[in-house]
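Novice: Have a look at this one before I ask anything.
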Amino acid sequence: MITRVQLTNFGPLTSIDWARLGKINLVIGGNSRGKTFLLKSLYSAMRTLEEYRRGNIQRTAAEILVDKLYWTFQPDKIGDLVTKGADGQLQFTLTWKTNDFCYGFGKDTAKQISSLENHVPPRASNSIFLPAKEVLSLHNVILKSREDDKVFGFDDTYLDLARALRKRSVIGRNYKEFAKSREKLEELFDGKIEYEEGAGRWYFRRSGQKFPIGVTAEGVKKIAILDLLLSNRFLDPESIVFIDEPESALHPKAISALLDIVVMLAERGIQFFMASHSYFVVKKLLLIAQEKGMSIPVLASENDGWRQADLKDGMPDNAIINESISLYEQEVELALA
């Protein structure tokens, strides 16, 4: 489990030291504040650790990291990830339990990282990033554009997810909590997503009827992705799941049910990092934290930087939350007028 992350001069993230991380971790803030950027920086590090010493092709951790940063953030050169106008280098440290993975580089760095230390043991488990937009409709397009054409457009979070969904093997343990989570996920969208090898396409099946994935609701496809990753055993209790805007394309009831499933999976071992600007997501996680006495660390963007809190201790002070409360109070005043 990731227990701490420290970043300096990493794009819009000039200084972050987020410690005492838990099974579920939430990043909140307005648009263009760096929420997704932070999740992608963590994801790039974890995928580097997971690809290191796997398979027959033995690349150094530095070579893998350069590739992940380049294709995840898609800059002209990775030195462009250094905060504009910063005096110092980009510095990144991720602590896995008690072991550090850290690296740094300057703005002139092209495709070689000379400063990297890795004390994290090799990992057999997988991390995955779930973008705000579903990928089932674009599955073949993503694979072709990256694997065949090798062009910018879909970054590595999309490519890795498309490849994970392509995995057909069901080798591995079917954990009781995972099976229960899948039942609840499939109840949410009242059906099942299936892939037909012959047609090379995804379909949505409900009550004996089959529908093309293109005409299936966006929210259904988004929830189905998590179900598929559990069913093909891509995820296990040591996995880390990054979710960008879990509220995207989902109605409030579905968001609430999805977060209940996230808690169930987190209690079995999967660690979650979520980025959101939804008051509903924060409120639901607050209720979960209060009910279960569960630590849910929060990193909230403010005008002067980032502030840490824990939903177990109550609702954090944040502009998004304050605005939502203000709108509710205005509504009450109008109703009483």
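The values are calculated or read from the model by the stated rules, or taken from the named source; none is laboratory data. Please read these numbers as outputs of a predicted model, since none were measured by experiment. So basically every Cβ, Gly included, is an ideal-geometry build from the backbone, and we count neighbours across all protein chains shown.
Novice: Please verify whether the range 185-192 includes one or more residues that are in a loop (DSSP other than H, G, I, E, B), within 18 Å of Glu238 (Cβ to Cβ), touching a Lys or Arg at 6+ places or on another chain (Cβ under 8 Å) and not hydrophobic (A, V, I, L, M, F, W, C).
Specialist: Taking every residue of the range 185-192 in turn, none turns out to be in a loop (DSSP other than H, G, I, E, B), within 18 Å of Glu238 (Cβ to Cβ), touching a Lys or Arg at 6+ places or on another chain (Cβ under 8 Å) and not hydrophobic (A, V, I, L, M, F, W, C).
Novice: Further question: Within the range 72-98, how many residues turn out to be in a helix (DSSP H, G or I) and surrounded by fewer than 19 Cβ atoms within 10 Å (Cβ to Cβ)?
Specialist: 3
Novice: Show the residue pairs that are 6+ apart or on different chains and have beta-carbon atoms under 7 Å apart, the first residue being within the range 102-116 and over 22 Å from Tyr43 (Cβ atoms), the second being among the charged types (D, E, K, R) and in a strand (DSSP E or B).
Specialist: Note: no pairs meet the criteria.
Novice: What are the pairs, 6+ residues apart or on separate chains, where a residue within the range 117-141 that is in contact (Cβ under 8 Å) with a residue 24 or more places away in the chain has its Cβ under 6 Å from a residue that is basic (Lys, Arg) and assigned to a loop (DSSP other than H, G, I, E, B)?
Specialist: If the second residue must be basic (Lys, Arg) and assigned to a loop (DSSP other than H, G, I, E, B), the pairs left are Pro122/Arg53.
Novice: Those residues that are of a type in the set (S, T, N, Q), surrounded by 20 or more Cβ atoms within 10 Å (Cβ to Cβ) and assigned to a strand (DSSP E or B), I need them from the range 1-52; list them, please.
Specialist: Asn9, Asn25
Novice: From Glu187, Glu134, Glu177, grab the single residue that is over 14 Å from Ile223 (Cα atoms) and out of contact with any Gly (no Cβ under 7 Å at 6 or more places or on another chain).
Specialist: Glu177
Novice: Tell me, which residue of the range 112-127 that is more than 10 Å from Glu50 (Cβ to Cβ) and of a type outside the set (A, V, I, L, M, F, W, C) is modelled with the lowest pLDDT?
Specialist: Among those residues, the one meeting the criterion is Ser114.
Novice: Within the range 99-149, which residues are within 21 Å of Gly11 (Cα to Cα), in a loop (DSSP other than H, G, I, E, B), of a type in the set (A, V, I, L, M, F, W, C) and touching a helix residue (DSSP H, G or I) at 6+ places or on another chain (Cβ under 6 Å)?
Specialist: Ile113
Novice: Hey, any hits in the range 299-308 for a residue that's surrounded by fewer than 22 Cβ atoms within 10 Å (Cβ to Cβ), in contact (Cβ under 8 Å) with a residue 60 or more places away in the chain and among the aromatic types (Phe, Trp, Tyr)?
Specialist: Within the range 299-308, one or more residues are surrounded by fewer than 22 Cβ atoms within 10 Å (Cβ to Cβ), in contact (Cβ under 8 Å) with a residue 60 or more places away in the chain and among the aromatic types (Phe, Trp, Tyr).
Novice: Same structure again: Does any residue of the range 220-233 turn out to be free of Cβ contacts under 8 Å to residues at least 40 places away in the same chain and either under 14 Å from Leu165 (Cβ atoms) or in contact with a Ser or Thr (Cβ under 6 Å, 6 or more places away or on another chain) (or both)?
Specialist: Looking through the range 220-233, at least one residue is free of Cβ contacts under 8 Å to residues at least 40 places away in the same chain and either under 14 Å from Leu165 (Cβ atoms) or in contact with a Ser or Thr (Cβ under 6 Å, 6 or more places away or on another chain) (or both).
Novice: Separate question: Taking the range 286-333 on its own, how many of its residues are modelled with pLDDT under 65 and either of a type in the set (A, V, I, L, M, F, W, C) or within 17 Å of Ser276 (Cβ to Cβ) (or both)?
Specialist: Total meeting the criteria: 4.
Novice: Output the qualifying pairs, or none if there are none: Cβ atoms under 7 angstrom, residues six or more apart or on different chains, first residue in the range 37-64 and modelled with pLDDT of 95 or more, second residue of a type in the set (Phe, Trp, Tyr) and assigned to a helix (DSSP H, G or I).
Specialist: Listed pairs, sorted by first residue: Lys40/Phe73.
Novice: Within the range 205-224, does at least one residue satisfy the condition of being at positive phi and among the hydroxyl-bearing types (Ser, Thr, Tyr)?
Specialist: Quick first cut of the range 205-224, residues at positive phi only: 207-208.
Narrowing further to those that are among the hydroxyl-bearing types (Ser, Thr, Tyr): 207.
Looking through the range 205-224, at least one residue is at positive phi and among the hydroxyl-bearing types (Ser, Thr, Tyr).
Novice: Moving to a separate point now. Show the residue pairs meeting these rules: Cβ distance below 6 Å; 6+ apart or different chains; first residue within the range 75-101 and over 27 Å from Phe154 (Cα atoms); second residue buried (at least 20 other Cβ atoms within 10 Å of the Cβ) and of a type in the set (S, T, N, Q).
Specialist: Taking only residues 6 or more apart or on different chains, the pairs are Ala86/Asn9; Gly88/Asn9.
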